[in-house]
Amino acid sequence: MSNCAIVGVNWGDEGKGRMVDLLTSDYDVVVRYQGGGNAGHTVVNDQGKFALHLLPSGIFRKDVVNILGNGVALDCESLWAEMADVITKGVSITPENLKISDRASLLLPWHRDLDALEEQRLADKKYGSTKQGIAPFYSDKFQKKTVMAGELLYPAKLWEHLAGILEWKNLTLEKVYGAKPYTMDDLRAWVADFGEKIKPFICDTGAFLRQAQDQGKRILFEAQLGSLRDLDYGIYPYTTSSNAIAAYAPVGSGLPTAKLDKVVGVVKAYSSCVGEGPFTCEWFGEEAEKLRQAGNEYGAKTGRPRRVGPIDIVATRYGAACQGVTDIALTKLDVLSYLDQIPVCARYELNGALTDDFPFPALLPDAKPVVEYLEGWQCDISGVRTWEDLPEAARKYVEYVEKAIGCLITYVSVGPERDAIILR
Ligand code: GDP
């Protein structure tokens, strides 16, 4: 299999980084195809523990070429901070193993400001943005009001282009939000600092990928967030501002003709959700706190406690369908070991009727969870490495989820470490 995408099936934080880190040994190239530095993958391997935000998770493997595709929100500031952190821990990052698409658009300094200003204006109606500037960035990209990374290589053209955008952007900053305008000097200082730092990594990654494909290289496409946060297919407007689903991988990577041979959908053995929006299976109080602590459910970027609940079969089945998954990786099964009964949100009740179908976003707040219980196993499974060695109740839980979603669970993860995996 030459092309594979690893994607989230739920609300994000399913453990995609962990799966990419594991599977990169079979691939030559890893490409991040969407999103920015607003979410985080946590990777634990023999080099340490890392919180990645923009860097592809293949960065830890020798001989893997990592690409930030044209679909990402290229935040030079946070990318550089992340690179510096990873390099300090002994990982080598060079233009040989990290390539940034010249067609990736730049997240500019005002995008972060605008994100914060808009959340402030919305007050209690806010969307729960991480204030990394992602929504203002993508709106500007689609309005053609930002610059591409490759323009950093052509300063005369860059400055002419930026001057026009600056004039337009200051209208919004000053007249809509009453905020301080930016000057060309601000921009020059920003480019001289962060733009210069990432310049050596910028190249025509589309040409690189086409060549890699012609040479039969194996390419792994890495997503951020999950199906339910996809701009078009998620719980709009509580989505992210880009397409997280596998179908976008060819477009956002720089290889628009790529065919995906395999789509690994990462599903968490329970549910977690960061930020605002309807979350039907949500738990509150002590029962939520126990699960949050067992699963260490605090944001990798923000440290915010994540909302948690049992696995949501309705949302997961829909999420898997949006991704066209060929395989499922079920992660964090070990976290459920403390429960004597394992709760499952098996279906929803919507306006007095039971349903297996994921509702239209506007109706989602009216949905109520219908919970069933499976037997727990109540023993530590984090050291188990084979299917046969899993307690019967744990196998039954995996088989229940598999049948309910209608897709093979090929990988069962029982710990954050690279080898804490059961292959079926
Ligand atoms: P991602 O954005 O989808 O990569 O997910 P996150 O990194 O935000 O969240 C996954 C978290 O769970 C990370 O801290 C991982 O180290 C951890 N993790 C992943 N798989 C497992 C697992 O099977 N068991 C346990 N206990 N932790 C896991």
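Read-outs: derived from the displayed coordinates by stated rules, not from any lab. Because the structure is predicted, anything quoted here is derived from the model rather than measured. Cβ atoms come from the backbone with ideal geometry, glycine included; neighbour counts cover every protein chain shown.
Below, the figures for the structure above:
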{"quantity": "Residue in the range 347-358 that is buried (at least 17 other Cβ atoms within 10 Å of the Cβ) and not in a strand (DSSP E or B) present", "calculated": "yes"}
{"quantity": "Answer residue from the range 370-424, given it is outside any loop (DSSP other than H, G, I, E, B) and hydroxyl-bearing (Ser, Thr, Tyr) and is farthest from THR42 (Cα to Cα) among those", "calculated": "TYR373"}
{"quantity": "Pick from the range 93-109, criterion surrounded by 12 or more Cβ atoms within 10 Å (Cβ to Cβ) and hydroxyl-bearing (Ser, Thr, Tyr), ranking: farthest from PRO56 (Cα to Cα)", "calculated": "SER105"}
{"quantity": "Residues satisfying the stated conditions in the range 32-47, i.e. out of contact with any Leu (no Cβ under 7 Å at 6 or more places or on another chain) and either within 12 Å of the ligand (Cβ to nearest atom) or closer than 22 Å to ALA320 by Cβ (or both)", "calculated": "TYR33, GLN34, ASN38, THR42, VAL44, ASN45"}
{"quantity": "Failed item, numbered, when LYS99 is tested on (1) in contact with a strand residue (DSSP E or B) (Cβ under 8 Å, 6 or more places away or on another chain); (2) away from the ligand (no atom under 16 Å from the Cβ); (3) part of a loop (DSSP other than H, G, I, E, B)", "calculated": "(3)"}
{"quantity": "Entirely in the range 205-304, the strands (runs of 3 or more DSSP E) that have 1 or more residues that are within 20 Å of the chain's Cα centre (by Cα) and closer than 25 Å to ILE100 by Cα", "calculated": "219-226, 262-268"}
{"quantity": "Residue in the range 311-328 that is nearest to ASN243 (Cα to Cα), counting only those that are part of a helix (DSSP H, G or I) and among the polar types (S, T, N, Q)", "calculated": "GLN323"}
{"quantity": "Matching residues in the range 333-359 - criterion: being aliphatic (A, V, I, L, M) and either more than 28 Å from the chain's Cα centre (by Cα) or under 17 Å from ARG292 (Cα atoms) (or both)", "calculated": "LEU333, VAL335, LEU336, LEU339, ILE342, VAL344, LEU350, ALA353, LEU354"}
{"quantity": "Test: residue in the range 56-64 that is in a loop (DSSP other than H, G, I, E, B), crowded, with 24+ Cβ neighbours inside 10 Å, within 15 Å of the ligand (Cβ to nearest atom) and in contact (Cβ under 8 Å) with a residue 24 or more places away in the chain", "calculated": "yes"}
